[in-house]
Amino acid sequence: MVLTIRWIKKNKNLMQSTAECFKKVKSDCYKFIKSQETSKEKFSNKDKMLKSFLIPVSFWIAKKADNKKPYFVGLAGGQGTGKTTISSIIKIILEKYFKLKVFKISIDDFYKTRKERIGLSKKVHPMLLTRGVPGTHDISMMLDFFKKSKAKKFKNMKLPNFNKAIDDRFPKNKWNTIHKRPDVIIFEGWCVGARAETNKTLKKSINSMEKANDDKLVWRKYVNQQLKTKYKKLYSQLNCMIYLKAKNFSLLQKWRLKQEHKLWLKTKKKGGHKIMSKGDVINFMQTYQRVTQNMFKNMPKYASIILNLNSKHQIKTAVYKSK
């Protein structure tokens with residue numbers, strides 16, 4: 001009986017806090033959501049997404065944040081799962097309601113330059129020209145960013161900003177700048193937190209691209225070795241992991257195609273951009289498939305929070321781990 005009363009009080013307080021938070025952040029969150037919509041695609045169940053999932057996630061992060069050093073939140077999910085949208089909304093809530101200084105950046109911004117990837121494709125394997133997989137990011141730059149963020153004396157930092165429409169970095173005058181030490185750093189990306197697989201599972205090709213272009217396993221072994229070493233060191237510095245879990249890979253392909261269409265709508269007037277066709281997107285995603293499917297299987301075992309997505313691109317359930 002006593003436990004029941006405590007549970008009711010605790011949940012009543014939580015509901016009141018959630019309602020109060022929703023009232024304060026609703027306007028800003030909706031404004032951001034509107035900026036992500038197109039005339040044909042609108043977000044549905046916005047209230048539920050905020051009240052049932054993203055506000056509670058923000059409370060969880062805020063409770064763990066330490067004002068002496070940044071709290072690093074890793075946020076991962078397959079292509080098109082809504083990482084940028086969800087991490088942006090969490091940032092709005094943490095700043096608006098909890099008054100925390102939040103810096104959000106994608107692992108995508110740390111892609112090696114096109115010139116560097118051309119060199120990598122000639123030196124190791126032609127498939128490494130395609131950005132995305134572990135091995136195509138500048139790990140040294142990311143480790144330096146993590147180290148400087150934690151330094152006792154914080155100094156201004158400039159961090160890269162990657163332009164996917166031209167498949168290369170923006171010029172330095174358009175890079176991200178951090179002036180003050182953040183309380184929370186949200187580090188998002190499709191392969192954030194990914195772990196290496198066994199050599200045994202590497203042997204079997206999982207799609208036509210691997211079969212045709214990586215019959216000697218050079219590319220997949222290189223990618224896996226990167227996960228086993230450099231990326232393991234990088235991800236070990238994250239304080240927690242949030243994973244957006246889709247049902248399957250074909251659903252990710254569908255969402256990624258929609259994402260590319262949005263990019264096309266935003267940049268079509270500017271011209272000269274490398275927007276991908278449907279066939280290009282399918283081929284592009286085949287380079288992601290191996291790591292993505294490995295994350296489907298293993299990420300729920302070690303992520304701190306799992307947000308399960310339904311086929312309509314909505315958060316269906318949330319699972320919180322004890323860590």
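The values are calculated or read from the model by the stated rules, or taken from the named source; none is laboratory data. Predicted, not measured: the structure shown is a model, and the values here were computed from it. Counting neighbours? That spans all protein chains shown, and the Cβs are built from the backbone with ideal geometry, glycine included. Ligands, DNA and RNA are excluded from the accessible area calculation, which covers all protein heavy atoms including side chains. Shrake-Rupley method; radii C 1.70, N 1.55, O 1.52, S 1.80 Å.
Between N283 and Y30, what's the calculated FRET efficiency when r is the beta-carbon distance and R0 is 30 Å? Round to 0.05.
After rounding, the FRET efficiency stands at 0.25.
Over all distinct alpha-carbon pairs, what is the Kirkwood Rh of the stretch 154-210 in angstrom?
Computed over the stretch 154-210, the radius equals 15.4 Å.
Which trypsin sites (Lys or Arg not before Pro) in the stretch 49-137 pass both tests, a DSSP loop state and at most 13 other beta-carbon atoms within 10 Å?
K68, K99
Find how much the distance from S250 to K233 grows on full extension, using 0.36 nm per residue of separation minus their present alpha carbon separation; answer in nm with one decimal.
3.0 nm
Using the structure shown, select from K203/K247; K112/K150; K64/K155; K48/K174; K174/K316 the pairs with a Cα to Cα distance greater than 27 angstrom.
K48/K174; K174/K316
From the residues A19, M127, Y111, which one has its Cα farthest along the dipole of the stretch 1-157 in the positive direction, the dipole being from +1 and -1 charges on Cβ of Lys/Arg and Asp/Glu about the Cα centre?
The residue sitting most towards the positive pole is A19.
I need the phi-derived Karplus couplings for the stretch 204-221: 6.51 cos²θ - 1.76 cosθ + 1.60, θ = phi - 60°, integer Hz, Gly and Pro marked x.
8, 5, 10, 7, 5, 5, 4, 5, 7, 10, 9, 5, 9, 6, 5, 5, 5, 5
Please name whichever of N173, N67, Y30 sits farthest to the positive end of the charge dipole of the chain, dipole taken about the Cα centre and charges placed at Cβ: Lys and Arg +1, Asp and Glu -1.
It is N67.
In debye to the nearest 20, how big a dipole does the chain give about its Cα centre with +1 on each Lys and Arg Cβ and -1 on each Asp and Glu Cβ?
640 debye
What percentages, rounded to whole numbers, describe P(r) for the stretch 33-145 computed over all alpha carbon pairs with 5 Å bin width beginning at zero?
2, 9, 16, 17, 15, 14, 11, 8, 6, 1, 0
Stick to the Cα atoms of the chain, pair each with every other, and give me the Kirkwood hydrodynamic radius in Å at one decimal.
20.9 Å
Would you check the accessible area of L227, probe 1.4 Å, heavy atoms only, in square angstrom rounded to 10?
L227 exposes around 10 Å² with every protein chain in place.
Can you tally the net charge around N308? Count Lys and Arg as +1, Asp and Glu as -1, for every other residue whose Cβ sits under 9 Å from the Cβ of N308.
Result for the neighbourhood of N308: +3.
Which angle between 0 and 90 degrees, to the nearest 10, do you get for helix 139-150 versus the longest principal axis of the chain when only C-alpha atoms count?
20 degrees
Roughly speaking, what is the stretch gain from T177 to Q225, that is 0.36 nm per residue apart minus the C-alpha to C-alpha distance, in nm to one decimal?
Once the chain is fully extended between T177 and Q225, it gains 14.1 nm.
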